[in-house]
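Here's the structure, in structure tokens; my notes come after.
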């Protein structure tokens, strides 16, 4: 078991890094970085919006929604990661703030929820093939 511990720790750090890259990429509007987050055939289910298939469809949705915001901040925490070979299941808490822009200027939305992901290993590391969001609190 001791021989597996460094790899287990490394897997957890890599998965947490991919989750953090997702939040950072969307807050900075670096859409191309989502190529490192989602597999080409990923499926994402955004509660209240719908299911989207393929990395490009997911990226297009995220960018079309967030371009309506002057600023966003996605904070993640309480990471739960289960690794089983080349597969991983993750859940983390999400606190997201969206500040309106243009015709939505002055408006804001605050969301509390969970992000869940299923990841698989590939030649460049871990990437998500299944993704979803559950909102626990959404005033407004």
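The values are calculated or read from the model by the stated rules, or taken from the named source; none is laboratory data. Everything quoted here is computed from the prediction, not taken from an experiment. Backbone-built Cβ (ideal geometry, glycine too); neighbour counts: all protein chains shown.
If I filter segment 46-60 down to residues being surrounded by 15 or more Cβ atoms within 10 Å (Cβ to Cβ) and under 22 Å from residue 81 (Cβ atoms), which single residue comes out as modelled with the lowest pLDDT?
46
Can you tell me which residues in segment 41-60 are touching a strand residue (DSSP E or B) at 6+ places or on another chain (Cβ under 7 Å) and in contact (Cβ under 8 Å) with a residue 60 or more places away in the chain?
Let us first name the residues in segment 41-60 that are touching a strand residue (DSSP E or B) at 6+ places or on another chain (Cβ under 7 Å), namely 41-47, 51-55, 58.
Within segment 41-60, 41, 42, 43, 44, 45, 46, 47, 58 qualify.
Of all residues in segment 84-100, which are touching a residue at least 12 places away in the same chain (Cβ under 8 Å), farther than 30 Å from residue 67 by Cβ and part of a strand (DSSP E or B)?
So the first thing to find is which residues in segment 84-100 are touching a residue at least 12 places away in the same chain (Cβ under 8 Å), and the list is 86-100.
Adding the requirement that they be farther than 30 Å from residue 67 by Cβ leaves 86-89.
Within segment 84-100, 87, 88, 89 meet the criteria.
What tally of residues in segment 14-45 results from selecting those that are in a helix (DSSP H, G or I) and more than 15 Å from the chain's Cα centre (by Cα)?
So the first thing to find is which residues in segment 14-45 are in a helix (DSSP H, G or I), and the list is 14-28, 31-36.
Subset that is more than 15 Å from the chain's Cα centre (by Cα): none.
So the answer is 0.
Report, by residue number, each residue of segment 61-81 that is assigned to a helix (DSSP H, G or I), surrounded by fewer than 14 Cβ atoms within 10 Å (Cβ to Cβ) and without any contact (Cβ under 8 Å) to a residue 24 or more places away in the chain. Give the derivation first.
If we filter segment 61-81 for residues that are assigned to a helix (DSSP H, G or I), which is where we start, we get 61-66.
Next, from what is left, pick out any that are surrounded by fewer than 14 Cβ atoms within 10 Å (Cβ to Cβ): 63-64.
If the condition is that a residue be assigned to a helix (DSSP H, G or I), surrounded by fewer than 14 Cβ atoms within 10 Å (Cβ to Cβ) and without any contact (Cβ under 8 Å) to a residue 24 or more places away in the chain, then 64 is the only one that fits.
Which condition does residue 42 not pass, out of (1) within 15 Å of residue 118 (Cβ to Cβ); (2) surrounded by 18 or more Cβ atoms within 10 Å (Cβ to Cβ); (3) at pLDDT 90 or above, if it passes all the others?
Status for residue 42: all satisfied but (3).
Looking only at residues that are over 19 Å from residue 20 (Cβ atoms) and at pLDDT 70 or above in segment 99-124, which one is farthest from the chain's Cα centre (by Cα)?
Checked segment 99-124; the qualifying residue farthest from the chain's Cα centre (by Cα) is 100.
If you check residue 9 against the conditions, is it over 14 Å from the mean Cα position of the chain (by Cα), under 19 Å from residue 119 (Cα atoms) and either modelled with pLDDT under 85 or surrounded by 15 or more Cβ atoms within 10 Å (Cβ to Cβ) (or both)? Write out each step before concluding.
Values: over 14 Å from the mean Cα position of the chain (by Cα): yes; under 19 Å from residue 119 (Cα atoms): yes; either modelled with pLDDT under 85 or surrounded by 15 or more Cβ atoms within 10 Å (Cβ to Cβ) (or both): yes.
Spelling it out, residue 9 is indeed over 14 Å from the mean Cα position of the chain (by Cα), under 19 Å from residue 119 (Cα atoms) and either modelled with pLDDT under 85 or surrounded by 15 or more Cβ atoms within 10 Å (Cβ to Cβ) (or both).
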